[in-house]
Amino acid sequence: MSNAKSLEELEQKQDFIRRHIGPSPAQVSDMLSALEVSSVQELIDQTVPASIRLEQPLTVGESRTEVETLSYLKSVASKNKVFKSYIGQGYHPTNVPHVILRNVLENPGWYTAYTPYQPEIAQGRLESLLNFQTMTLDLTGLDLASASLLDESTAAAEAMGLAKRVSKAKKANAFFIADDVHTQTIDVVTTRAEQFGFEIIVGKAEDAVNHDIFGALFQYPTTSGEVVDITDLIAGVQSKKAIACVAADIMSLLLLKAPGKLGADVVLGSAQRFGVPMGYGGPHAAFFATRDAYKRSLPGRIIGVSKDRLGNDALRMAMQTREQHIRRDKANSNICTAQVLLANMAAFYAVYHGPQGLKTIAQRIHRFADILATGLKAKGIALKHSTWFDTLTVVSDSKDDVIARAIAKGVNFATNHEGEYSISVSETTTRADITELFDIILGEGHGLSVDAIAADVEANGSESIPASLVRDDEVLTHPNFNSYHSETDMLRYIKRLESKDLSLNHSMISLGSCTMKLNATAEMIPITWPEFANLHPFCPLDQAEGYQIMIGELHDWLVNITGYDAVSLQPNSGAQGEYAGLIAIRKYHESRGDAHRNVCLIPSSAHGTNPASAQMASMKIVVVNCDKNGNVDMVDLKAKAEEVSENLSCIMITYPSTHGVYEETIREICDIIHEHGGQVYMDGANMNAQVGVTSPGFIGSDVSHLNLHKTFCIPHGGGGPGVGPIGVKSHLAPFMPNHSVINVPGTNIGNGAVSAAPYGSAAILPISWAYITMMGSEGLKQATEMAIVNANYLTHELSKHFPILYRGRNNRVAHECIVDLRPLKELSGITEMDVAKRLQDYGFHSPTMSFPVAGTLMIEPTESESKGEIDRFIEAMVSIKGEIEKVISGEWSIENNPLVFAPHTQGDVLGNEWDRAYDRFYAAFPVPAVAKNKFWPTVTRIDDVYGDRNLVCSCPPVETYRD
Ligand SMILES: *Cc1c(COP(=O)(O)O)cnc(C)c1O
């Protein structure tokens with residue numbers, strides 16, 4: 001890329017910055033006058049403590065135009081060699097149905113939505129997630145499923161955690177992993193076990209029963225492809241009161257008996273091959289199912305069916321009391337952001353193909369494996385197993401020659417097990433591919449005819465799946481999987497669900513701490529380029545040169561932006577980054593003979609994932625109080641640090657604080673912790689208030705995660721995917737995650753993995769790469785400054801009507817503010833929930849509710865919202881305040897007012913009965929702006945209690961569709 005020289009070039013280069021930043025220059029000056037400052041600089045000077053301001057600008061380069069950026073990235077991507085992948089091991093080529101590719105994955109209506117915490121405006125993706133759960137239940141043969149975990153290997157680690165919680169083998173401290181489980185899964189589970197202090201035993205599956213264990217994990221089919229009847233293995237484990245977990249291949253389950261029916265207690269796996277590209281490792285959704293009896297122990301989110309105020313079926317996230325937001329260090333797991341977009345893609349794949357279509361795909365895959373095996377055996381090639389679904393393992397002393405021939409033809413096999421190689425066929429395999437495989441393995445001139453072998457296989461039938469394991473029950477009988485098989489029907493189903501959901505393409509989603517900013521189209525374009533989408537994560541590194549270049553540049557920029565020395569891109573979410581960072585801290589202490597340092601200080605304002613992650617690293621949590629201004633109580637901090645000094649491991653602190661202010665004492669906090677020999681973990685979720693202005697490394701912390709899906713423009717996807725890289729100072733760098741299949745350059749051999757893939761969710765890294773490229777050093781800093789301007793303007797205007805809970809120096813806030821609704825609630829009885837729901841009638845998603853303080857809303861407008869949109873939001877809030885005042889004055893009773901009946905659906909407003917104290921039109925169109933862009937919630941307020949009491953987590957029975 002060339003440096004800008006001419007005026008024309010300069011003009012163009014600024015173009016993306018002004019597209020990303022919402023307010024026009026005129027709007028900026030209006031906001032500055034409202035704030036009574038003469039420049040952005042003056043506001044920043046008033047807001048950000050001088051002691052933490054960067055002296056040097058960032059050095060990530062000048063901003064580039066969209067065109068220039070994509071053309072350069074295309075040249076980088078083209079350095080990736082897209083080989084035909086037969087590597088398997090949990091990742092398979094798939095044909096993404098184009099109707100799903102364009103209308104879900106590439107559609108901002110789907111990818112810009114937030115986690116469905118406001119279910120009345122999220123029924124579309126909730127229905128799709130319910131499809132995902134129903135599909136999981138049918139295929140696994142169990143009772144209860146969750147709505148996606150981060151990947152197969154972490155799902156296996158969660159299964160181990162669940163096993164420990166529910167197993168009656170209370171004295172046992174060991175978890176058994178069969179040696180034919182995927183290598184990366186053994187790696188990730190072992191890392192997790194080490195943190196929990198569990199012993200891991202890896203051995204032959206049959207040996208599980210000979211150990212004193214609380215749980216065991218089997219792979220079905222095994223990583224080398226064998227299809228084993230695991231009924232007895234499961235029974236053996238259960239005879240020891242231990243929990244039997246099975247990692248299963250989702251496609252094979254169309255043909256194989258469900259592991260649940262074979263007795264398994266937990267079944268998990270990756271849904272990737274259901275229409276989600278391999279993407280060099282992710283993002284992909286993991287499925288997870290267990291017995292109803294273990295529902296309180298299930299990790300991750302569960303979608304459940306409840307009722308709305310009018311008695312209609314309505315979907316919502318169920319049993320949230322299990323999750324970290326509420327249970328903190330007692331939570332089942334630290335999972336927050338999961339893989340909603342990918343779970344939806346997989347669910348739509350099942351909806352699109354239906355049970356028969358899926359079965360046909362699975363049968364075709366299996367037939368190709370049979371044909372391949374039959375041909376190879378006819379030529380005297382030794383196969384390791386006599387059963388298979390899609391994977392054959394060849395025992396070979398000419399492995400190197402075969403692999404060389406494969407590489408020469410642009411073909412990859414799995415080669416990471418000594419003296420053997422494996423071939424996994426997939427949905428994309430053709431007869432011509434099988435001929436090519438014969439050529440590679442046997443050398444040309446083998447004389448085999450695929451057509452002839454195919455006819456043979458057809459005539460003789462197949463015995464490669466043991467008769468006892470042939471699936472004979474019906475799956476996916478629900479109408480949702482049997483109604484949308486034409487493209488027209490499918491397109492309309494996707495659109496119907498999309499229309500029920502409020503996303504960023506409708507209005508601002510001002511979620512404090514979650515940074516719902518622009519996800520620019522140019523940033524999204526590269527993720528579906530085949531050069532990025534179709535790489536297997538375990539392909540040889542020299543085939544992924546494009547990825548390595550892109551990842552290398554992103555790495556260096558994130559190092560510069562965070563002020564750290566090294567970055568790991570492996571964690572798949574912020575919470576996963578916390579976990580990886582805490583492991584680094586723990587290992588660092590251990591390396592210095594300080595293994596006893598295990599106390600983690602956490603301010604009371606911390607996000608729930610902080611204590612949940614600390615618990616996963618077996619740390620002892622000590623809560624530090626906040627003072628009345630929302631700052632860390634320094635007296636309490638000093639006292640607690642003093643008290644635990646010898647055993648202090650670290651502090652986890654968010655900056656700017658979740659109270660929305662730049663704490664003045666942050667450097668002092670770092671110093672106190674360091675004086676006591678502790679490390680500082682700075683939660684980087686609020687980096688949107690730091691980039692280019694200050695940095696965690698500069699402030700003095702040792703390690704942070706970033707949420708690339710907040711600050712760096714990866715869309716929230718309706719609740720995931722995310723990327724949570726960690727940045728570390730050099731002394732922690734040796735302790736960053738590595739990977740047992742692909743050695744991650746720059747990390748130590750022997751470090752365990754925290755994710756299934758070496759670079760986590762590699763396929764979405766181009767989004768953040770493109771954002772940084774197009775903004776450049778100057779644009780990134782401007783974005784931070786404008787986030788501060790927007791937040792302060794919003795705060796200033798709202799403060800005329802509501803108390804603002806906390807402020808920093810000069811009465812300013814950072815990039816977000818907390819509106820305190822408690823005084824109004826006291827006077828009126830109207831709750832924060834009523835306000836959140838009423839905002840839906842005004843066309844807005846509620847800001848973050850009751851975090852970090854109950855009874856409040858935390859609002860973060862981000863730099864991407866224009867003053868016009870912010871003013872509309874303010875207008876809505878002020879109008880709602882007026883409504884509350886009418887309740888206070890008695891004009892409306894507390895039982896009959898538009899707040900407690902919010903949100904209003906069309907059915908509610910247009911119904912024949914109307915006995916409200918306010919009129920119908922006002923219910924739906926309370927201010928004129930709404931009429932121009934009305935969004936209708938599709939259900940009225942949902943009954944949370946009913947849903948948890950009557951937990952239903954699969955699609956409601958057919959009868960409810962008949963009326
Ligand atoms: C979002 C957030 C997290 C968790 O990140 P996930 O990607 O959802 O796991 C942690 N801390 C804070 C302050 C956050 O806002």
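The values are calculated or read from the model by the stated rules, or taken from the named source; none is laboratory data. Computed from a prediction, not measured in an experiment: that's the story for all the values here. In this analysis, Cβ positions are derived from the backbone assuming ideal geometry, glycine residues included, and neighbour counts consider all displayed protein chains. Just the protein is used for accessible areas: all its heavy atoms, side chains included, with ligands, DNA and RNA removed. Shrake-Rupley method; radii C 1.70, N 1.55, O 1.52, S 1.80 Å.
For region 883-897, name all the residues that are β-branched (Val, Ile, Thr) and open to solvent by less than 20 Å² (accessible area, probe 1.4 Å).
Ile884, Val887
Of the conditions (1) crowded, with 24+ Cβ neighbours inside 10 Å; (2) in contact (Cβ under 8 Å) with a residue 40 or more places away in the chain; (3) within 16 Å of the ligand (Cβ to nearest atom), Thr654 clears all except one; give me its number.
Every listed condition holds for Thr654 apart from (1).
Any residue in region 891-905 that is on the phi < 0 side of the Ramachandran plot and either in contact with a Cys (Cβ under 8 Å, 6 or more places away or on another chain) or not in a loop (DSSP other than H, G, I, E, B) (or both)?
no
Go through (1) small (Gly, Ala, Ser); (2) under 26 Å from Ala533 (Cα atoms); (3) buried (at least 24 other Cβ atoms within 10 Å of the Cβ) one by one and return the number of the condition Ala145 breaks.
Result: Ala145 passes all but (2).
Of the residues Val728, Val691, Val723, which is of a type in the set (A, V, I, L, M), more than 28 Å from Val276 (Cβ to Cβ) and within 16 Å of the ligand (Cβ to nearest atom)?
Val691
Tell me, which residue of region 320-341 that is away from the ligand (no atom under 15 Å from the Cβ) and farther than 18 Å from Cys600 by Cβ is surrounded by the most Cβ atoms within 10 Å (Cβ to Cβ)?
The extreme case among them is Arg322.
I'm told Tyr564 meets every condition in (1) within 16 Å of the ligand (Cβ to nearest atom); (2) crowded, with 22+ Cβ neighbours inside 10 Å except one. Can you identify the failing condition by its number?
Here Tyr564 meets the rest and fails (1).
Of all the strands (runs of 3 or more DSSP E) wholly in region 219-336, which have at least 2 residues that are under 30 Å from Phe901 (Cβ atoms) and not acidic (Asp, Glu)?
302-307, 313-318
Among the residues that make up region 801-808, is at least one of them surrounded by 24 or more Cβ atoms within 10 Å (Cβ to Cβ), among the basic types (Lys, Arg) and in contact (Cβ under 8 Å) with a residue 12 or more places away in the chain?
Looking for residues that are surrounded by 24 or more Cβ atoms within 10 Å (Cβ to Cβ), among the basic types (Lys, Arg) and in contact (Cβ under 8 Å) with a residue 12 or more places away in the chain, one finds none in region 801-808, hence no.
Just a yes or no: is a residue in region 496-507 over 24 Å from His731 (Cα atoms), open to solvent by 40 Å² or more (accessible area, probe 1.4 Å) and assigned to a helix (DSSP H, G or I)?
yes
Which condition breaks for Glu869 when tested against (1) crowded, with 23+ Cβ neighbours inside 10 Å; (2) under 35 Å from the mean Cα position of the chain (by Cα)?
Unmet condition: (1).
Could you tell me which of the residues Ser777, Ser799, Ser761 is under 19 Å from His20 (Cβ atoms) and of a type in the set (Ser, Thr, Tyr)?
Just one listed residue meets the conditions, Ser777.
Within region 539-554, can you find the residues that are surrounded by 20 or more Cβ atoms within 10 Å (Cβ to Cβ) and either outside any helix (DSSP H, G or I) or without any contact (Cβ under 8 Å) to a residue 40 or more places away in the chain (or both)?
Scanning region 539-554 gives Cys539, Ala544.
Can you say whether Ala575 is within 19 Å of the chain's Cα centre (by Cα) and either more than 30 Å from Ile874 (Cα to Cα) or modelled with pLDDT of 95 or more (or both), as far as the supplied structure shows?
So Ala575 fits the description; yes.
Residues being at positive phi and free of Cβ contacts under 8 Å to residues at least 60 places away in the same chain: count how many of those fall in region 690-717.
Number of matching residues: 1.
Going by the conditions given, is His739 within 13 Å of Asp565 (Cα to Cα), more than 16 Å from the ligand (Cβ to nearest atom) and either in contact with a helix residue (DSSP H, G or I) (Cβ under 9 Å, 6 or more places away or on another chain) or in contact (Cβ under 8 Å) with a residue 24 or more places away in the chain (or both)?
In short, no.
Quick one: Val559 ticks every box in (1) over 23 Å from the mean Cα position of the chain (by Cα); (2) more than 15 Å from the ligand (Cβ to nearest atom); (3) touching a residue at least 12 places away in the same chain (Cβ under 8 Å) bar one, so which box is it?
(1)
Among (1) part of a helix (DSSP H, G or I); (2) more than 14 Å from the ligand (Cβ to nearest atom); (3) among the charged types (D, E, K, R), which single condition is Asp594 missing?
(1)
Need a quick list: helices (runs of 4 or more DSSP H) entirely within region 908-953 having at least 1 residues that are touching a helix residue (DSSP H, G or I) at 6+ places or on another chain (Cβ under 8 Å) and open to solvent by 60 Å² or more (accessible area, probe 1.4 Å).
So the answer is 920-924.
Got a sec? Which helices (runs of 4 or more DSSP H) wholly within region 17-134 have at least 3 residues that are out of contact with any Ser or Thr (no Cβ under 8 Å at 6 or more places or on another chain) and open to solvent by 60 Å² or more (accessible area, probe 1.4 Å)?
25-34, 40-47, 66-77
Checking the conditions here, which among Ala929, Ala902, Ala923, Ala917 is touching a residue at least 24 places away in the same chain (Cβ under 8 Å), of a type in the set (Gly, Ala, Ser) and farther than 21 Å from Arg309 by Cα?
Ala929
Which one of these does Lys710 not meet: (1) closer than 12 Å to Ser568 by Cβ; (2) within 16 Å of the ligand (Cβ to nearest atom); (3) open to solvent by 10 Å² or more (accessible area, probe 1.4 Å)?
Tallying (1) closer than 12 Å to Ser568 by Cβ; (2) within 16 Å of the ligand (Cβ to nearest atom); (3) open to solvent by 10 Å² or more (accessible area, probe 1.4 Å), Lys710 fails exactly one: (1).
Suppose the filter is more than 19 Å from Thr223 (Cβ to Cβ), open to solvent by less than 60 Å² (accessible area, probe 1.4 Å), hydrophobic (A, V, I, L, M, F, W, C) and outside any loop (DSSP other than H, G, I, E, B); does Ile440 pass it?
So Ile440 fits the description; yes.
When region 658-669 is examined, which residues are found to be touching a residue at least 60 places away in the same chain (Cβ under 8 Å) and either within 16 Å of the ligand (Cβ to nearest atom) or out of contact with any Lys or Arg (no Cβ under 8 Å at 6 or more places or on another chain) (or both)?
Thr658, His659, Gly660, Val661, Tyr662, Glu663, Ile666, Arg667
Quick one: in region 777-795, of everything that is closer than 15 Å to Leu32 by Cα and aliphatic (A, V, I, L, M), which residue is surrounded by the fewest Cβ atoms within 10 Å (Cβ to Cβ)?
Met786
Hey, Ile672 hits all of (1) touching a Lys or Arg at 6+ places or on another chain (Cβ under 8 Å); (2) open to solvent by 30 Å² or more (accessible area, probe 1.4 Å) but one; which does it fall short on?
Evaluating Ile672 over (1) touching a Lys or Arg at 6+ places or on another chain (Cβ under 8 Å); (2) open to solvent by 30 Å² or more (accessible area, probe 1.4 Å) leaves (2) as the failure.
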